[in-house]
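Shown next, in structure tokens, is the structure this report addresses.
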Amino acid sequence: MTPLSHNKLRVLVTGGAGFLGSHLCERLLAEENDVICLDNLFTGRRENVSHLLDNRRFELLRHDVIEPILLEVDQIYNLACPASPIHYQYNPVKTVKTSVMGMINMLGLAKRVRARILQASTSEVYGNPQVHPQPEEYWGNVNTIGIRSCYDEGKRIAETLMMDYHRQNNVDTRIARIFNTYGPRMLENDGRVVSNFIVQALRGDEITIYGTGEQTRSFCYVDDLVEALIRLMNVEGVHDPVNLGNPGEFTIKDLADEVAHGCGVAVRTRYLPLPEDDPQQRRPDITRAEKLLGWSPKIPLREGLKPTIAYFAKQLKVSKGKFAPSDQGFSLK
Ligand code: NAD
Ligand code: UDP
């Protein structure tokens, strides 16, 4: 293999054909790194990276992280894992295997080729938090036996593995605790709240609010998140977890209003039961990210919704007449 010039790296992105992974691959290529996108295409799509396939620095590899693999790389972003509750609950045993065996395989690879590795962890490690907003020191409030546990506990043991490989084998690890992130290339049917609400509003359907709609989430636009992931990967010596997200906190009812406003439609809602173990509140304390990475999100919800709505309008082929956005400044990605 030919050596790369000084600051160009060989980067592996597992889950690279998914929502976050495809944006990350794009950004890494723009910085002229060599990128291997590894994905089993469970919730990822070839179309998410089809525009990258002609780039000679890019390679798409269909592979499942629960099987070992040997690749010569400098950095590993481990994003492989379904992220929406519908998808991670579809085959919960596989979700646990993906987080645990996938993490062991990627850490084994990092150890063997001396690569730096970043794990895409999640705010779900805090469960239904009783401390608000959530700082990294908070240990969380997680049910071990509920329907969300396959994801939450899988991600918690993945963090444990990261710390143990670091302490025991000196693997150069980074842990990103990602809070709800949205943007173009989310799947229109994956059940997450932002994509659900936009698709419903664009189709003229009622917006489905689970529970009272008083529960809160904090929504980060994908470009802000990708910037944070790259900064975390490239900062020296940060092995403890770092929260990455937008501290702007919204009730789910507020989000419905924002989405309807962005789509230029009147809000029509339907109330459905709250799913089991659905966290009541969530907001990141990002003091650590601000201090260590010099990072804070730049894109408020209303701005980030514009390109996201435009993306879904294009996917759904909503006609111009029906889709009357309240603001036209869209950049289609
Ligand atoms: P996504 O479902 O779009 O992407 C996950 C990708 O992983 C998909 O391309 C999927 O095909 C792939 N994948 C799943 N299982 C795999 C396996 N066994 N082997 C290989 N590939 C596999 O979800 P996303 O929103 O892009 O999330 C990416 C990562 O970030 C996930 O690890 C998720 O847990 C984490 N995360 C995301 C959010 C968010 O709000 N988007 C929040 C917290 C954490
Ligand atoms: N939610 C909702 N309607 C939907 C989808 C989700 O009210 O159509 C709620 C869900 O109950 C939760 C919040 O929105 O309280 C965020 O859900 P999502 O699945 O996006 O993420 P997570 O619960 O994993 O943060």
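Residue-wise, which Karplus ³J(HN,Hα) couplings in Hz belong to region 172-181, taking 6.51 cos²θ - 1.76 cosθ + 1.60, θ = phi - 60°, and x for glycine or proline?
3J(HN,Hα) across region 172-181, in whole Hz: 8, 10, 9, 10, 9, 8, 8, 9, 2, 10.
On alpha carbon coordinates alone, what is the Rg over Rh value for the chain, Rh being the Kirkwood radius?
So for the chain, dividing Rg by the Kirkwood Rh gives 0.95.
Quick one: compute a quarter of the convex hull surface over the Cα atoms of region 184-266 and quote it in nm².
Mean projected area for region 184-266: 6.7 nm², to one decimal.
Which length gain, in nm to one decimal place, applies between ARG268 and GLU137 when the Cα-Cα distance is subtracted from 0.36 nm times their residue separation? Working shown, then result.
Working: separation 131, 0.36 × 131 = 47.16 nm, distance 3.99 nm.
Additional length available on full extension: 43.2 nm.
Mind listing the Cα extents of region 4-132 along all three principal axes, in Å, largest one first?
48, 33, 32
How many lysine pairs are close in the chain, with Cα atoms under 26 Å apart and the two 8 or more places apart or on different chains?
Counting lysine pairs in the chain gives 25.
Can you pull the Kirkwood radius for region 192-329, inverse mean 1/r over Cα pairs, to one decimal in Å?
16.3 Å
From the square roots a ≥ b ≥ c of the eigenvalues of the alpha-carbon gyration tensor of region 262-313, which class results: rounded (a/c under 1.5), prolate (a/b over b/c), or oblate?
oblate
Counting alpha carbon pairs within less than 8 Å and at least 6 residues apart, what relative contact order, in whole percent, applies to region 1-83?
Computed value for region 1-83: 39 percent relative contact order.
Of HIS132, HIS87, HIS239, which has the largest mean-square fluctuation in a 10 Å C-alpha GNM of the chain?
The residue that fluctuates most here is HIS132.
Which whole-number percent is the relative contact order of region 67-159 (Cα, under 8 Å, 6+ apart)?
Normalised by residue count, the contact order of region 67-159 is 35 percent.
Return one number: the angle in degrees, 0 to 90 and rounded to the nearest 10, between the long axis of the Cα atoms of helix 222-234 and the longest principal axis of the Cα atoms of the chain.
On a 0 to 90 degree scale, this one is about 20.
How high is the relative contact order of the chain, in percent, counting Cα pairs under 8 Å that sit 6 or more residues apart?
Working: 665 pairs, mean separation 53.1, N = 333.
For the chain, the relative contact order is 16 percent.
Within 9 Å, Cβ to Cβ, of ILE252, how many net charges do the neighbouring residues add up to if Lys/Arg are +1 and Asp/Glu are -1?
On the way: positive: ARG217, LYS253; negative: GLU214, ASP254.
So the surrounding residues net to 0.
To the nearest Å, what is the center-to-center distance of region 202-241 and region 89-161, using C-alpha atoms only?
Answer, in whole Å: 16.
Coordinate-derived values only; no laboratory data. Just so it is clear, the model here is predicted, and its values are computed rather than measured. FYI the Cβ positions are ideal-geometry reconstructions off the backbone, even for glycines, and counts take in every protein chain you see.
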